[in-house]
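Shown next, in structure tokens, is the structure this report addresses.
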Amino acid sequence: MSSEKNRYLLECCVDSPESALAAACGGADRLELCANLIIGGTTPTMALYETVRELVSLPIHVLIRPRFGDFLYTEAEADIICREIRAFQKAGADGVVVGSLRPDGTLDTDLMGRFLDCARGMSVTLHRAFDMCREPLAAWEQARRLGIDTILTSGQAVSCLEGLPLLKKLAELSAAGGPAVLAGGGINAESAGELLARTSVRAFHMSGKTVLESGMVFRNPAVSMGLPGLSEYQLWRTDENAVRAVRRLLDAKP
């Protein structure tokens, strides 16, 4: 659990009450709550947020993402994002996780400014829209000027280890003042150990995913409700032991 003696922060991304409990038992400091983690995460329902809030005492940052896909939003989608931010603010969420890009791949600072205005009093994380932007160092500077608290990033790579050079640079910038770097993308005990050894990153984001088989016995072979290549009879859940392994690694770091 979070305490002043922990120099390193561990955030777990969860999309179910079961995963939230596993993350808390494994030693996470904070939750990022979403729905549909299997497609990168979308905004959770208020009922899911309220259920998780009742079950765990950890801070909760809520992902605000109205749909699957890119981060170029219409005016209607931007309004939805603002409404969701206000709703979760009213419900007592500790933070929100948002992001928006322009067609040219730059950070949409106008929209981000609107989101920040809606989120006054909450922590704001720029999510992995950052990893899809054209020029990460320019986006980092824009985020700093906007007053964004945290940037979740894999270092603009498929995994945090592949993105290690950029993560190292961003962590150096962060140490001099600006958004905290929250390293994500394939975080486990092995990759976290590499980042600890080779960068000054102090915050880590993981799902600790394990794949479970559904309890359904009858399975209609003529109909599929899943996306192509994805079975509706598999469930993604956070593995408590995977979280605990990273927690122990972070706590052992002097």
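The values are calculated or read from the model by the stated rules, or taken from the named source; none is laboratory data. Worth saying up front: this structure is predicted, and the values here are computed from it rather than measured. Positions of Cβ are generated from backbone atoms using ideal geometry, with glycine treated the same way; all protein chains shown enter the neighbour counts.
Go through Gly229, Gly186 for me and flag whichever is small (Gly, Ala, Ser) and either over 16 Å from the mean Cα position of the chain (by Cα) or closer than 15 Å to Asn36 by Cα (or both).
Details: Gly186 fails: either over 16 Å from the mean Cα position of the chain (by Cα) or closer than 15 Å to Asn36 by Cα (or both).
The match here is Gly229.
Suppose we filter Ile80, Ile151 for residues that are crowded, with 18+ Cβ neighbours inside 10 Å and not in a loop (DSSP other than H, G, I, E, B); which single one remains? Explain how you work it out, then say what you get.
On the way: Ile80 fails: crowded, with 18+ Cβ neighbours inside 10 Å.
From the options Ile80, Ile151, the qualifying one is Ile151.
Looking at the structure I just gave you, is Ile151 of a type in the set (A, V, I, L, M) and farther than 19 Å from Val98 by Cα? Break it down stepwise before answering.
Values: of a type in the set (A, V, I, L, M): yes; farther than 19 Å from Val98 by Cα: no.
So Ile151 does not fit the description; no.
Being under 21 Å from Met206 (Cβ atoms), in a helix (DSSP H, G or I) and hydrophobic (A, V, I, L, M, F, W, C) narrows it down to one of Val52, Val62, Val96, so name that one.
Details: Val62 fails: in a helix (DSSP H, G or I); Val96 fails: in a helix (DSSP H, G or I).
From the options Val52, Val62, Val96, the qualifying one is Val52.
I'd like to check something: does the range 12-31 contain any residue that is modelled with pLDDT of 95 or more, surrounded by fewer than 22 Cβ atoms within 10 Å (Cβ to Cβ), hydroxyl-bearing (Ser, Thr, Tyr) and farther than 28 Å from Arg248 by Cβ?
Looking for residues that are modelled with pLDDT of 95 or more, surrounded by fewer than 22 Cβ atoms within 10 Å (Cβ to Cβ), hydroxyl-bearing (Ser, Thr, Tyr) and farther than 28 Å from Arg248 by Cβ, one finds none in the range 12-31, hence no.
Is it fair to say Val243 is over 17 Å from Ala22 (Cβ atoms) and modelled with pLDDT of 95 or more? Working first, answer last.
Details: over 17 Å from Ala22 (Cβ atoms): no; modelled with pLDDT of 95 or more: yes.
Answer is no for this residue.
Yes/no matrix, rows are residues, columns are (1) out of contact with any Gly (no Cβ under 7 Å at 6 or more places or on another chain); (2) outside any loop (DSSP other than H, G, I, E, B):
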| position | (1), (2) |
| --- | --- |
| Glu141 | yes, yes |
| Gly155 | no, no |
| Lys169 | yes, yes |
| Gly178 | yes, no |
| Gly193 | yes, yes |
| Ala197 | yes, yes |
